[in-house]
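First up is the structure itself, then whatever we jot down about it.
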Amino acid sequence: MQKFNPLTNYQNTRKSIGYVTRKQATEKDYKRIGFMSGLEVHQQLKTKKKLFCHCPAGILHNHNNFDAEIIRHMRPTLSELGEYDGTALMEFKTRKEITYRLNNESACTYEIDDTPPFIINKEALEYALEISLLSNLNIVGEVHITRKQYLDGSIPAGFQRTAILGVEGHIQLKHKKVRLIQLSIEEDSCREVSDIGHKRIYKTDRLGVPLIETVTYPECYTPDELREAAEYIRFLNRSTGKVRTGMGAGREDVNVSCKGGTRIEIKGVAHNKWIPELSHNEAFRQWALLNVMKKLKKQVKNQKEWKIKSIQIDPIQLKLQNELMASMDFSDMEVYAVNLVGFLGILSHFTQPNHCFANEITDRLKVVACIEKPNMYHSEEIDGSSVKVDFDKIKELLHANDDDAQIIFWGPKADIPTALETIEERCIMAFDTIPPETRKSFKDGTTIFERVLPGADRMYPDTDAAPIPLPNDYIEKLDQNLPVEIYQRYEQLRSWEIPTDTDHYILRNNLVPVIEKIVKLKIPAKFIGTFFGHTLKYVEGKHKKHEDFKYNRIIKMFEYIQKNKLHYDISKLMLPVLIEHPNMDFSSILTSIHFKKRSLEDLLAPVNYLNEKFKETDSKTDKSKVANWIMGQLHMQATGNFALNELKTKIENAIK
Amino acid sequence: MEDIFQGYKGGALDVLKKYNVRVWGTAKITTTRGDFEGTILPRSENDDDQHIVLKIITGYNIGVDIMTITKMKETGYKKANYKIPEKEFPFTEGLPKVKLFGTGGTIASRLDYRTGAVIPAFSPGELYGAVPELADICNLTTEKIFAVFSENMGPKQYIQLAKAIGKEIENGVDGIVIGHGTDTMHHTGAALTFMVQNSPVPIVIVGSQRSSDRPSSDAALNLMHAMFAAGNADIAEVMVCMFGPTSDEYGLLHKGTRVRKMHSSYRSTFRTIGDTPLAMVDREKIVNLKKEFKHRRKDRNVTIKPYFSDKVTMLYYYPGMKPDVLDAMVDCGYKGIVIVGTGLGHVNKELYSSIARAKKKGVFMFMTLQTIWGYVQMFVYETGRELMSRGIVPGGNMLAEVAYIKLGWALGQTDDLEEVNRLMITPINDEITEREPYNGYLLYQGGIPEVEEFIKEVHK
């Protein structure tokens, strides 16, 4: 028999499923694998207070800045489990102890579910309704607060209060319309501090901050389309000026599937630019798992009877040579070897870049059985760390065949039964399903198992809150004061002849209303557009922005420029000072950049002298080169006094 | 006939009838605000008649304004059918026999997600389905004796409950748990202490501050603590068993006569007043905090004293109170009045004549405190002495609610004011204590042992 090489197998399986990198991928590739995706866009609202209590919203604390800690366990409610059987009982025994950190400044007794909700924040409701109207949704007649269960502990009550404001809307992308399923208003969840073994710690500062969720139909068929939809929704939300910005204020859950795959939810993607890579890899992961299924159909004949075989081992006595096994401290742990009949070539099967099927198992051991990584070592490590003699011994102990694969795993005694069950469960699922999961994203575009995707059956009415009617006249009033839609913004930018490479910056920062105000000062729109999209963006990268800086100061600056009859070019020189010292008056800014008011005569006075000087060094050069050189000498003094192109014409005339 | 328009009335009912759409029907609704689709849900009776409730496909509920509806069509029908899965409660040799009495309120429950209905679980089989850990704690039997909300518990129910407990003790049970709404749990705690005397086994009252349909509910843990205490505690008293801290850590066993609900919504709302709680309890052990208590016994010699007079009332004093209030109570025929006075046990001078009048008419008056903590002391000020001379009996550190229950119980047995007086001032189980320990005055009873250490180190 040919010697099995895990790395070669990884590479071969990657090739055989037709994996291409995101850069190589074409629309044809996505069509081939049936890429399908949609979004759940979360956006915090810029309200003063939280959604259901009167704590201030938006105050964030460091991990260790807290006044109290409380402990909760999330108990699965019956209906989620159906019948309460042994498995469920065991899962509950290996449960997490969840600690919540509370800071008196940002949390009260509501956050930890010790006080019933106060009436919903009207400010938040109004902002969310405006965004619903902008999203072309059918607005409900009455808002019903619903409880949505979360067992991961991210909300101390075990459920999130949420309500639908509108259904069946749409957004207009460049080349297609994407339909929206719904928009809901909800309370934001806790932020995780740590999750080790059976202990998970959350902080409650963000908990309860008003949040909206816009859900699209899965109608994006390429990663780029998906990103475009995400950007559009973000811009739309920001166009109201009533949403929070900054780290974590806007987050996306990305739903992805491929042909024959399952809906997988990639949770909490913080940057839209990560979306294409993540969705690309996820679709191919599913594509790879379908291939695993196909392979297993051939390799495992009696799938219905398939079981793992396990045995407790003593790694020291066995003298395992693998580096990790030799260096691990196994005190307080039990070590088990598991045989997977017919799984040769599966553990090292490609799933994602640098991930193989074995990752699906190790990730679940961490999450379900609460065993910290590294938690296993297997016969097909793709980094080449599987030692043949190690597994010869293990195979013998397990009476394994050559077409089997083996896993050695370890953990605290109490977690072993769950771990064994987890391994078996994941392998059996590989025969015929891609398990529905929520997955956590990484910067490199890969994802790991986070938890089992909860079903839709986890919603029930909140008995603590009465329905809120939304009368017609209220909705009509809101409808009259809406900003223009984003696709119209694009049209507006084009009609102003502002270059397209500034679109993203302008819309992300909701600058169209600001530009409109400056256009009214009779400054060319094209100049203002590039002033923001190029100059400001560049200056922001180079200079430290003062926290008092507001776009309104830029409007004031242009007002000052016009009033003092300066040329607007000066704004580019003033900006770096303004952004660092937004409270400085404009005349001082001009002083600090050494600007002097000069008449045209003053400016042109040295032209003849400069012309002569140039001739001294090079008498043969053509006139335009001379003009350019003189222009360069006068440029700084002229900026703000005259339009530079006009000045140049004057110079050219003077040296004729 | 079955109600196919559950909870709908007025305008909303008319619209449903007009388009021939039933509750539980799936419907397509065309409105001036766009189209909506989902299952028609029942409407809460107290909500307005202008909206129809719809569960949409994503599981959320929404309301549709009937004024906007232009068309509506029933496209299907699926009635909710909810039943809690029932499994036989396993019998385990060697575990204590515990009896659970249901008084109403929800101890355990499950949710029907399609309707949002909360279905109570009560029979041992249902409870096992909801809280399977109970099978590791005891051998359980259950009996529902009535179904009332906490606020509707009253003398009639106390008597019924006391008799049922007596019978169960004679039957040889190892402990009794009573599922109870939390609002009046401490009243019931006092009533059962007086009505069920000399019990050989623990009698534990339990409830939950967060309903059991929430993943973070305190119900399951409270139930486990209560069952464990009933089956294993050496304390043969009437107790309330609820969360110690708000965290899922341990429960406290509070004496039925010294416990009080102190927060409208906190999990750790029950506090022992003027003393330390009896014990801490978790799923594995009981740690006694008080040295002296009534011990569990093998015999079955319980005394049931099921008496109560409803001619008892309370008067919560406020500055500027007019004597006509007291006069009116007396004229209504009340035979016992628990006065809740200010400070050490005071009311204003204006009431003096009415107090004397009440005394003359044979009304028994008992002084308790608004301060909740501390003793009535009517010798310190002139006012106190004046009041006593007019016939008011100082109630020591008996809690006002407990005094009300006890007075009702005493007057239920006798009209003889001497005897009533004797019953009132002779404690049955620490409703008046001789001394208040320093560590009793602890509002933060959820921080054991940290607060103990804190109190020790820091001047109070």
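No value in this document is a laboratory result; all are computed from the given coordinates. Everything numeric here is computed off the predicted structure, so don't read it as measured data. No Cβ is skipped: glycine too gets one built from the backbone with ideal geometry, and neighbour counts run over all protein chains shown.
A few notes on this one:
- Shielding by partners - mean other protein chain Cβ count within 10 Å, residues of A:467-473: 4
- Each 5 Å bin from zero holds the following percent of Cα-Cα pairs in the range A:385-541: 1, 6, 9, 8, 8, 7, 8, 8, 7, 7, 7, 7, 7, 5, 3, 1, 0, 0.
- Ratio of the Cα radius of gyration of chain A to 2.2 N^0.38 Å, where N counts its residues: 1.22
- The long axis of helix A:551-563 is offset from the longest Cα principal axis of chain A by roughly 10 degrees.
- For chain B, the longest principal axis of the alpha carbon atoms and the long axis of helix B:10-19 meet at an angle near 30°.
- Virtual spin-label span in nm between A:LYS517 and A:GLN492, 7 Å along Cα→Cβ: 1.3 nm
- For the range B:186-313, the alpha carbon positions stretch 40, 38, 29 Å along the principal axes, listed from largest to smallest.
- Rounded to 5, the percent of DSSP beta bridges in the protein assembly as shown classed as antiparallel: 75 percent
- 3J(HN,Hα) along the range A:343-349, derived from phi through the Karplus expression 6.51 cos²θ - 1.76 cosθ + 1.60 where θ = phi - 60°, amounts to 9, 4, x, 8, 4, 9, 5 Hz, with x in place of Gly and Pro.
- Anchor A:LYS625: aspartates and glutamates whose Cα lies under 15 Å away (excluding residues fewer than 8 positions away in-chain): A:GLU612, A:GLU616, A:GLU652
- Cα radius of gyration and Dmax for the range A:1-69 (Å): 24.8, 71
- Over chain A, dividing the summed -39,500 (n - 2.57) contributions of all DSSP H runs of at least 4 residues by the number of residues returns a 222 nm mean residue ellipticity of -11500 deg cm²/dmol.
- Packing-based exposure ordering (other Cβ within 10 Å, fewest first) of A:LEU151, B:LEU127, A:LEU453: A:LEU453, A:LEU151, B:LEU127
- Between the amide H of A:ASP569 and those of A:GLY640, distances stay under 5 Å, these residues lying 5 or more places away or on another chain, with hydrogens modeled in the peptide plane.
- Computed over chain B: relative contact order in percent, which uses C-alpha pairs under 8 Å that are six or more apart: 11 percent
- Average other protein chain Cβ within 10 Å of Cβ, residues B:62-70: 5
- Net +/- balance of residues flanking A:THR115 in space, Cβ distance below 12 Å, scoring K and R +1, D and E -1: -2
- Relative contact order [Cα under 8 Å, 6+ residues apart], chain A, whole percent: 14 percent
- Degrees between helix B:155-170 axis and first principal axis of chain B (Cα, 0 to 90, nearest 10): 80 degrees
- Along its first, second and third principal axes, ordered by size, chain B spans 78, 60, 48 Å in Cα coordinates.
- Sequence-distant contacts, meaning Cα pairs under 8 Å at least 6 residues apart, place the relative contact order of the range A:484-595 at 24 percent.
- Label-point gap, in nm, between B:HIS263 and A:LYS122 - each point 7 angstrom along Cα→Cβ: 3.0 nm
- The B:LYS294 and B:GLU434 beta-carbon pair, evaluated with R₀ = 22 Å, returns a calculated FRET efficiency of approximately 0.85.
- Cβ-Cβ FRET estimate between B:THR414 and A:ILE468, R0 fixed at 41 Å, reported to 0.05: 0.15
- For a modelled paramagnetic label at B:ASP234, 7 Å from Cα along Cα-to-Cβ, the residues of the range B:290-305 in reach, with backbone nitrogen under 18 Å, are B:290-299.
- Fewest-first sequence of A:VAL389, A:VAL519 by Cβ atoms within 10 Å of each Cβ: A:VAL389, A:VAL519
- Distance histogram for the range B:320-362 (every C-alpha pair counted, 5 angstrom bins, percent rounded to whole numbers): 5, 23, 34, 25, 12, 2
- Here A:LYS526 is the anchor, and the lysines within straight C-alpha reach of less than 19 Å, apart from those fewer than 8 places off in the same chain, are A:LYS517, A:LYS537, A:LYS556, A:LYS572.
- Projected onto their three principal axes, the Cα atoms of the protein assembly as shown cover extents of 132, 90, 73 Å, largest first.
- Taking a Cβ cut-off of under 15 Å around A:VAL167, the surrounding Lys, Arg, Asp and Glu residues balance to a net charge of -3, with basic ones at +1 and acidic ones at -1.
- Listed by chain and number, the lysines whose alpha-carbon sits under 28 Å from that of A:LYS199, ignoring those within fewer than 8 places in the same chain, are A:LYS50, A:LYS93, A:LYS96, A:LYS148, A:LYS267, A:LYS366, A:LYS373, A:LYS413, A:LYS440, A:LYS443, B:LYS285.
- Rg/Rh for the range A:41-218, where both radii come from Cα atoms and Rh is the Kirkwood radius: 1.02
- D (Stokes-Einstein, µm²/s), Kirkwood Cα radius, the range A:601-654, 0.692 mPa s at 37 °C: 293 µm²/s
- Test item: A:67-76 mean partner chain Cβ contacts at 10 Å: 5
- Ordered by the count of other Cβ atoms within 10 Å of each Cβ, fewest first, B:ILE203, A:ILE212 give A:ILE212, B:ILE203.
- Label separation (A:GLN299 vs A:LYS174): 4.3 nm, computed from points 7 Å beyond Cα along the C-beta direction.
- Convex hull volume per residue for the range A:339-469, taking Cα atoms only, in Å³: 167 Å³
- D_trans [Stokes-Einstein, Kirkwood Rh over alpha-carbon pairs] for the range A:290-401, 37 °C, 0.692 mPa s, µm² s⁻¹: 216 µm²/s
- Judged by the ratio a/c of the largest to the smallest principal axis of the C-alpha gyration tensor, the range A:484-595 counts as prolate, that ratio being 1.5 or greater while a/b is larger than b/c.
- Local electrostatic count at B:LYS9 - Lys and Arg +1, Asp and Glu -1, tallied over other residues with Cβ under 10 Å: -4
- Two-site FRET efficiency, A:HIS271 against B:LYS87, from Cβ-Cβ distance with R₀ of 45 Å, rounded to 0.05: 0.40
- Every Cα-Cα pair in the range B:10-77 was counted, and those over 15 Å apart are 44% of them.
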